[in-house]
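The values are calculated or read from the model by the stated rules, or taken from the named source; none is laboratory data. Keep in mind it's a predicted model, so treat the numbers as computed, not measured. Here the Cβ is made from the backbone with ideal geometry for all residues, glycine too, and neighbour counts use every protein chain on show.
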Amino acid sequence: MNNTIRGLVGSFGLASILSFLSVANAAAQQPRTTTEKIAGKTNTTTSKLEGTVEYVEGNTLLVRLKSGELDEFRVPPTRRFLIDGKELTVGQLKPGTKLTATITTSTMSATERTTTVGSGKVWFVSGYNVILTLPNGENHMYTVDDSYRFTVDGQQASVKDLRKGMQVSAQKIVENPITEVVENVKVTGTAK
């Protein structure tokens, strides 16, 4: 009985290892995707806002702007104001305090490029549609442009050149424009 248990455990262990290796091998052959951000042009602007504190309650600040308009600001509790050389929180500001906010805004355009590289066997092709059997055995349908090129036996091929059973590799690149905005606000002032 002891030999039987060892044989079952040994067989189970070997089957588990083979199954794990098979799954690991299929995962290694799945399409690989990478994403990169390509920086573009950065535009920086600076503006000033001046006013006098009219009222403070909690993190809400009511300021009379230089133009005479009243404006309400909800101030993050982490914001610090440099008043007469001392750092103060919004709750420490008093009516009559003169404020000058310098706002620096940086806008960066960028492109997020996602590249997917994979391979498979042509299962079906018609027009600009191709169904590939991926290394994990799943079929996936793709619609491609006539200018798109697959690699077959080291040579470039269009979708019209593909035939059932061909082993192909392909690269798909998707580019999305993005804009990042970073705003830095520094507030200084003098107490009444």
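Being assigned by TED's automatic domain parsing to the domain that holds Thr100 and either at pLDDT below 90 or at positive phi (or both) is true for just one of Gly10, Gly58. Which residue is that?
Unique residue meeting the criteria: Gly58.
So, in segment 39-71, exactly how many residues are farther than 22 Å from Thr89 by Cβ and either touching a residue at least 60 places away in the same chain (Cβ under 8 Å) or among the aliphatic types (A, V, I, L, M) (or both)?
Residues flagged as farther than 22 Å from Thr89 by Cβ and either touching a residue at least 60 places away in the same chain (Cβ under 8 Å) or among the aliphatic types (A, V, I, L, M) (or both) within segment 39-71 amount to 7.
Could you list, in sequence order, the residues of segment 71-93 that are more than 36 Å from the chain's Cα centre (by Cα) and either loosely packed, with under 12 Cβ neighbours inside 10 Å or among the charged types (D, E, K, R) (or both)?
Asp84, Gly85, Lys86, listed by residue number.
If the requirement is being of a type in the set (Gly, Ala, Ser) and under 30 Å from Thr52 (Cα atoms), which of these qualifies: Ala157, Ala110, Ala170, Ala191?
Being of a type in the set (Gly, Ala, Ser) and under 30 Å from Thr52 (Cα atoms) holds for just one of Ala157, Ala110, Ala170, Ala191, which is Ala191.
Limited to segment 47-63, what total is found for residues that are more than 15 Å from Pro77 (Cα to Cα), among the hydroxyl-bearing types (Ser, Thr, Tyr) and surrounded by fewer than 15 Cβ atoms within 10 Å (Cβ to Cβ)? Step through it out loud before you land on a result.
Pass one, segment 47-63, residues more than 15 Å from Pro77 (Cα to Cα): 47-55, 62-63.
When the remaining residues are screened for being among the hydroxyl-bearing types (Ser, Thr, Tyr), the result is 47, 52, 55.
Those left that are additionally surrounded by fewer than 15 Cβ atoms within 10 Å (Cβ to Cβ): 47, 55.
The number of residues fulfilling the criteria is 2.
State all residues of segment 75-91 that are among the aliphatic types (A, V, I, L, M), more than 10 Å from Ala191 (Cβ to Cβ) and assigned to a strand (DSSP E or B); if no residue qualifies, say none.
Quick first cut of segment 75-91, residues among the aliphatic types (A, V, I, L, M) only: 75, 82-83, 88, 90.
Filter once more, keeping what is more than 10 Å from Ala191 (Cβ to Cβ): 75, 82, 90.
Leu82, the sole residue that qualifies.
What's the number of the condition Tyr148 fails, among (1) surrounded by 11 or more Cβ atoms within 10 Å (Cβ to Cβ); (2) more than 30 Å from Glu50 (Cα to Cα); (3) in contact (Cβ under 8 Å) with a residue 24 or more places away in the chain?
Failing condition for Tyr148: (3).
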